[in-house]
Amino acid sequence: MLSGGCRRLGDLLPGLIERDRRAALGAEARSWSRGGISAVHRATGASRTTIRCGIAELADDVAEHSGCRVRAPGGGRKRAEVCE
């Protein structure tokens, strides 16, 4: 049976930006300690890689130093039209 924390993530995640979503997933996984990544993966369907990135960002405080950008420069979808 899953904890209330994983159930709460289902309500919380849709309203978050990517960085905050990773942080929430990572924090929940860390709170479970052993088996946390697998438990959060099963509860939310989030990629294990995404959860691991969230844990790493929490440990390194990457989100604090990234400014207001959500994606890295050059990340995301490419333009449909090329402006010349």
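Quick notes on this structure:
- Couplings 3J(HN,Hα) for segment 48-60, derived from phi with the Karplus relation 6.51 cos²θ - 1.76 cosθ + 1.60 (θ = phi - 60°), are 4, 5, 5, 5, 4, 4, x, 5, 5, 5, 5, 5, 9 Hz, where x marks Gly and Pro.
- Near G26: Cβ cut-off under 10 Å, other residues only, Lys/Arg at +1 and Asp/Glu at -1. The net charge is +2.
- Across segment 4-65, the relative contact order, built from alpha-carbon pairs under 8 Å that are at least six residues apart, equals 35 percent.
Values in this text are rule-based calculations from the coordinates and carry no lab data. Fair warning: this is a prediction, and the values are worked out from it, not measured in the lab. Cβ coordinates were reconstructed from backbone atoms using ideal geometry, including for glycine residues, and neighbour counts include every protein chain displayed.
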